[in-house]
Amino acid sequence: MNDFDPNEFEETDKSKSQRKREMTALQDLGRQLMDFNDQQLAQFPLTEDLRKAFRDYKRIKSNEAKRRQMQYIGKLMRSEDHEGIEAVFERFAAERHLSVQQEHLAESWRERLLEDDTGDQLTAFVDEYPQCDRQELRNLVRSAAQERKAGKPPAQARKLFRLLREIVSEP
């Protein structure tokens, strides 16, 4: 009559090395979270104790005290919602990726508009983004092109880029 059920016991027989690797991984996750500002950190599902530990870490000057605080943060991270934290990380990564794509698109349009002498690119841009102010865009393109030909600093080109980035990022 052996009633041994292997599922009855938790996984408490982890090696010391395995526990240390897991703790280091949690500390690394905590370090990644520290790169975010308070507004971004508020979007993560964190306990108030962990938020306080992050604030304390930022105040600490001593390297040894920082090391101990990071270990404490790793300990607190054990009880956090890791899936929720990863989901927010993924959302931030997707937003960054979209932002980079929009910047590349704006840069591409700026170059196409500045190199075009016929106005075809301007028409193509307006066709693709009808919500833009055609007159403002035309004036900025003209000013930036003149600025480029005169060898002046690209102030108008920067204004054009900001306008294009704003237009392409509108939903």
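The values are calculated or read from the model by the stated rules, or taken from the named source; none is laboratory data. Predicted model only: the values in this text are computed from it and were never measured. Note: ideal-geometry Cβ built from the backbone for every residue, glycine included; neighbour counts use all protein chains shown.
Some observations on this one:
- The condition of being in the same structural domain as MET34 (by TED's automatic domain parsing) and either without any contact (Cβ under 8 Å) to a residue 12 or more places away in the chain or not hydroxyl-bearing (Ser, Thr, Tyr) (or both) does not hold for ILE85.
- Long-range neighbours under 8 Å by Cβ, at least six apart or interchain, first residue over 17 Å from GLU90 (Cβ atoms) within the range 13-42, second of a type in the set (Ser, Thr, Tyr): MET34/TYR57
- Taken over the range 65-90, the criterion of being under 11 Å from PHE44 (Cα atoms) and of a type in the set (Lys, Arg) is satisfied by no residue.
- Residue match in the range 94-114 (condition: more than 20 Å from the chain's Cα centre (by Cα), exposed (fewer than 11 other Cβ atoms within 10 Å of the Cβ) and in the same structural domain as ARG162 (by TED's automatic domain parsing)): no
- Residue in the range 45-62 that is surrounded by the most Cβ atoms within 10 Å (Cβ to Cβ), counting only those that are out of contact with any Gly (no Cβ under 7 Å at 6 or more places or on another chain) and not in a helix (DSSP H, G or I): LEU46
- Helices (runs of 4 or more DSSP H) enclosed by the range 63-140 - at least 2 residues per element that are among the small types (Gly, Ala, Ser): 63-77, 82-115
- Residue list for the range 130-171, restricted to those being surrounded by 15 or more Cβ atoms within 10 Å (Cβ to Cβ), within 29 Å of GLU95 (Cα to Cα) and touching a residue at least 24 places away in the same chain (Cβ under 8 Å): CYS132, LEU137, VAL141, ALA157, LEU160, PHE161, LEU163, LEU164, ARG165, ILE167, VAL168
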